[in-house]
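Working notes, structure below.
The values are calculated or read from the model by the stated rules, or taken from the named source; none is laboratory data. In this text the structure is predicted, and so the values were computed from the model without any measurement. Here the Cβ positions follow ideal geometry from the backbone for every residue, glycine too, while neighbour counts run over all protein chains shown.
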Amino acid sequence: DYLVACVGGGSNAMGLFHSFFKDRQVQFIGVEAAGLGLHTSHYAATLTKGRVGVLHGSKSKVLQDKDGQIAIAHSIAAGLDYPGVGPEHSYYQKIKRSRYVSVTDTQALEGLKLLSETEGIIPALETAHAVYYLKELAKKIKSKKVAILCLSGRGDKDIGIIRQHIKFG
């Protein structure tokens, strides 16, 4: 019923979404990095806050200033800290095939802690964004619905950052 994945450049989410493109009963939800908040200039929510531009020779949504120069992106997750997104995601958003939401660094850390404590899985900080959103989605959907989360990476690469922000035990 639902596919949930983090989106930076977009390859992770597109890998999950693509095979279900024609099945309109399956809802695609891409979770972007809101960084320190969408009210600041420190985020990487390209589909939420960006506009059409060109990056690396590709026309898609990008974070840019008023002159069209590429803006600096921010996310606690290195894999989401990117000012552009693959053009497929811009297209999916335009045709309303996928929706995109954003999760802050603080919320992503909550998602990481939740999955670590309940399942013993330390997700990558990128995936932790999607974990947090999935928790919020679960509050809204009917119990018979199925939601699939793309667990895109492991968090051991992020331990240094995690230890700076979360106290365990």
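Some observations on this one:
- Whichever residue in the range 47-71 is of a type in the set (Ser, Thr, Tyr) and under 13 Å from Tyr91 (Cα atoms) and, among such residues, is modelled with the highest pLDDT: Ser60
- Total residues in the range 140-169, condition part of a helix (DSSP H, G or I) and in contact with a helix residue (DSSP H, G or I) (Cβ under 7 Å, 6 or more places away or on another chain): 5
- Hits in the range 29-66 (condition: among the hydrophobic types (A, V, I, L, M, F, W, C), free of Cβ contacts under 8 Å to residues at least 12 places away in the same chain and not in a strand (DSSP E or B)): none
- Residue within the range 38-60 that is surrounded by 20 or more Cβ atoms within 10 Å (Cβ to Cβ), more than 15 Å from the chain's Cα centre (by Cα) and of a type outside the set (A, V, I, L, M, F, W, C) present: yes
- Where Glu117 falls short, out of the listed (1) assigned to a helix (DSSP H, G or I); (2) at pLDDT below 95; (3) under 20 Å from Phe17 (Cβ atoms): (3)
- Some residue of the range 131-139 being basic (Lys, Arg), without any contact (Cβ under 8 Å) to a residue 12 or more places away in the chain, over 22 Å from Met14 (Cα atoms) and in a loop (DSSP other than H, G, I, E, B): yes
- Being in a helix (DSSP H, G or I) and among the hydrophobic types (A, V, I, L, M, F, W, C) is a description that does not apply to Leu3.
- A residue that is in a helix (DSSP H, G or I), closer than 17 Å to Gly153 by Cα and hydrophobic (A, V, I, L, M, F, W, C) occurs nowhere in the range 67-76.
- Residue that is surrounded by the most Cβ atoms within 10 Å (Cβ to Cβ), among those in the range 93-145 that are among the β-branched types (Val, Ile, Thr) and over 17 Å from Ile29 (Cα atoms): Ile122
- Residue among Ser102, Ser90 that alone is in a strand (DSSP E or B), of a type outside the set (Lys, Arg) and within 18 Å of Phe17 (Cα to Cα): Ser102
- Some residue of the range 65-74 being in contact with a helix residue (DSSP H, G or I) (Cβ under 6 Å, 6 or more places away or on another chain) and not β-branched (Val, Ile, Thr): no
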